[in-house]
Amino acid sequence: MTQITVQRWTPAAIAFALAIAVVLAVLAAGPLIFPAGFTERLTALFVYVILGAMWNALAGYSGLVSVGQQAFFGLGAFVAILLSNAGVPVYAALLLAALAVGVLSLPIGEVMLRLRGGEFAIGMWVLAELAHLLVNLDPLVNGETGTSLIALDAVPAAARRADTYWCALAAMTALLGIVFLLLRGRIGASLQAVRDDEQAAASVGVRVLATKRVVFVLAAAGCALAGALWLATAITFQPRAYFSVQWTAYMIFITLVGGIGTFEGPVLGAVIFFAVETLFGALGVWYLVGLGAAALLFALFAPRGLWGAAQRRYDLRLLPLGFHVVLPTTGRIIR
Amino acid sequence: MPDADTLLDARGIGKRFNALTVLSDVDFAIRAEEAVGIVGPNGAGKTTLLNVLSGAMPADAGHILFAGQDVSRLDAPARCRRGIGRSHQIPRPFGGMTVFENLLVAARTGGNAHGAAAYDRCVDSLRLCGMLPFANRRAEALALLDRKRLELARALATAPRLLLLDEIGGGLTDAEAAELVDIIRVIRGRGVAVVWIEHIVHVLVQVVGRLVCMDGGRVIADGPPDTVLRDAAVIDAYLGSAAHDHPVG
Ligand SMILES: Nc1ncnc2c1ncn2[C@@H]1O[C@H](COP(=O)(O)OP(=O)(O)OP(=O)(O)O)[C@@H](O)[C@H]1O
Ligand SMILES: [Mg+2]
């Protein structure tokens, strides 16, 4: 029998990965070369990329459509304040807050992951409302009066801007790396199987709940880190701003426009979202209406998003998440 | 009584859906490397029996021994990992993944294979089932018959000791049915026990050494195919009507 090989990395994929490394290297020098305002905006972009990647891992790769991810975004910021007030160095507090929320999401997941489809979505929304109410009860937060990350307020603006930028860049890179490795590995294939048909996945040996749990906890911790980073840029913490459903709306826009169920899609979606926000953000309510309409149009008429459509059209397989069987008998790749 | 050779032994299986009793006091056993066919009219409870054996749904009564151990309380993934593989009557492909990836999930989780060994098993299974040319196609793009073949190939990738097949042969031409018979024979030749639910009796009897007929949630006959097919109760319950409902071939 002729040798049949399974291909993952291709020359194009390696070139693409190198290009990403170059972009990241340039970005790493950001605060040294970019003007202050742009550095701040890029920090926001990194947070958007994180949010999009997390929501895509949930909905696009695992079939878990959450409309309550702002729960973890808000909790991440809140726990960061608690830890900082307790004397933890401020940037360490951001990371620890994300880990703490990740741990907290374990028992939450035990309840939520037993819900199916629409029930899960609604359950997550209720969870976000509940988290918001509970945080409001904290005397430190004092309802919607809010509080602030005092420890960072004391740091000079330029140093704070640069440090937060680097933290956000590192967080984005690390989380994208984790998602990539996760999706590329055994769990990634099992997740997609669960997304496509839970009963069939169970019938071939996939432990459905355990598999979902992994991505649920990752997305909780990732969104919490995004919330903590946002706090580091904004300093002030008003519960209403952090537990707002607008964050999940952003995640959905970023994922749907960029390409749900593709690794690269949310990164592209975040860049587009960033550009749209920069251009039209001042329009207020109409800007939000426009975002919602655009996400809806994409869901209806271009469900694969921009990256998904490009992938089909040009037969792109850049970052190697899938498996390609090469059958040399025909001298070409059979599809 | 089960002998040392018994692979699966299900006793007193009962299953209800609310008021509807679908299985009552069903005994079903199969020896290692044996091939058993299950026939019976629509709604007899064949698929439900298979669901209960594979762990897709719990039984309300009875217990199931597999390889000498009680698996009654194990869920579907745990039973699959122990060696019970199955196909679905209405195919359930992982639509967003390629055919190869469909098998790879099965080989890696249920089949506990790693790295190149997992790839090899998938390629082997695809080749046996004649699906290698579709390896890179998204499963949602397959036609019904190819989806059924994917069910077989995917179940095989879990390296089962017992393979439960649910109507994978419906709608095949004579030539395709002959191919399928060859495939099942190869699988049997590897020492896999096979339970095959199928309405096309003349295809079934080319492979199985024993036939079970179900009706109304009960086993009404169990024995060599010739004997079962001449059984008055079987003719009455199934073969008489089958001539109308399921034109043979
Ligand atoms: N999940 C379910 N909920 C309620 N009733 C069910 C369910 N599954 C099966 N049934 C009912 O149980 C009975 C037996 O169904 P089953 O699918 O086991 O029959 P079958 O012998 O496989 O029939 P067929 O030859 O048509 O595939 C039918 O009356 C069916 O409607
Ligand atoms: Mg059936």
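For the reader, a short list of remarks on this structure follows.
- Separation in nanometres of the label points that stand 7 Å from Cα toward Cβ, at B:Asp25 and A:Leu99: 6.1
- Calculated from backbone phi, Karplus (6.51, -1.76, 1.60) coupling profile of the stretch B:213-222 in Hz, x at Gly/Pro: 10, 10, 7, x, x, 10, 7, 9, 7, 7
- Theoretical FRET efficiency, 1/(1+(r/R0)^6), r = Cβ-Cβ of B:Arg185 and B:Arg16, R0 45 Å, to 0.05: 0.75
- Residues A:Arg213 and A:Ile235, FRET efficiency given R0 of 41 Å [Cβ-Cβ distance, rounded to 0.05]: 0.75
- Dividing the helix sum by the residues of the protein assembly as shown, where each DSSP H run of 4 or more adds -39500 (n - 2.57), gives a mean residue ellipticity at 222 nm of -17500 deg cm²/dmol.
- Computed over all pairs of different Cα atoms, the Kirkwood value for the hydrodynamic radius of the stretch A:2-157 is 18.9 Å.
- The radius of gyration of the Cα set in the stretch A:243-296, together with its Dmax, comes out at 10.7, 31 angstrom.
- At an R0 of 41 angstrom, the distance between the Cβ atoms of A:Ile150 and A:Phe301 translates into a FRET efficiency of 0.30.
- You can think of it this way: the chain between A:Val276 and A:Arg8 has 93.0 nm of extra reach, that is 0.36 nm per residue less the Cα-Cα gap.
- For the stretch B:93-159, diffusion coefficient by Stokes-Einstein and Kirkwood Rh (Cα), 37 °C, 0.692 mPa s, µm²/s: 294
- Annotation: per residue accessible area for the stretch B:69-151 equals 37 Å², rounded to a whole number [probe 1.4 Å, protein chains only].
- Taking only the Cα atoms of chain A, the radius of gyration and Dmax are 20.5, 73 Å.
- Between the Cα long axis of helix A:305-314 and the first principal axis of chain A there is an angle of about 20°, rounded to the nearest 10.
- Kirkwood Rh, angstrom, the protein assembly as shown [1 / mean 1/r, Cα pairs]: 26.4
- Model label points for B:His202 and B:Ile90, set 7 angstrom from Cα along the Cα-to-Cβ axis, are 3.0 nm apart.
- Highest GNM mean-square fluctuation among A:Leu169, A:Leu96, A:Leu297, for chain A modelled with Cα contacts below 10 Å: A:Leu297.
- Cubic angstrom per residue, convex hull over Cα atoms of chain B: 126
- Packing rank of B:226-234, B:40-48, where each peptide gets the mean count of other beta carbons within 10 Å, highest leading: B:40-48, B:226-234
- Once the Cα atoms are used to define both axes, helix B:174-189 deviates from the longest principal axis of chain B by about 90 degrees.
- Taking the C-alpha atoms only, the angle from helix B:115-128 to the longest principal axis of chain B is near 60 degrees.
- Using the average count of surrounding beta-carbon atoms within 10 Å as a protection proxy, the listed peptides A:268-274, A:241-247 rank, highest first, as A:268-274, A:241-247.
- Restricting the calculation to Cα atoms, the stretch B:141-249 shows an Rg/Rh of 0.97 when the hydrodynamic-style radius is the Kirkwood one.
- Per-residue surface analysis assigns A:Ile50 an accessible area of about 0 Å², computed on protein heavy atoms at 1.4 Å probe radius.
- Distance between the pseudo-spin-label points of A:Ile122 and A:Arg186 (7 Å out from Cα toward the beta carbon): 3.7 nm.
The values are calculated or read from the model by the stated rules, or taken from the named source; none is laboratory data. Predicted model only: the values in this text are computed from it and were never measured. Cβ: placed from backbone, ideal geometry, glycine included. Neighbour counts: every protein chain shown. SASA here: full protein model, heavy atoms, side chains in, ligands and nucleic acids out. Shrake-Rupley method; radii C 1.70, N 1.55, O 1.52, S 1.80 Å.
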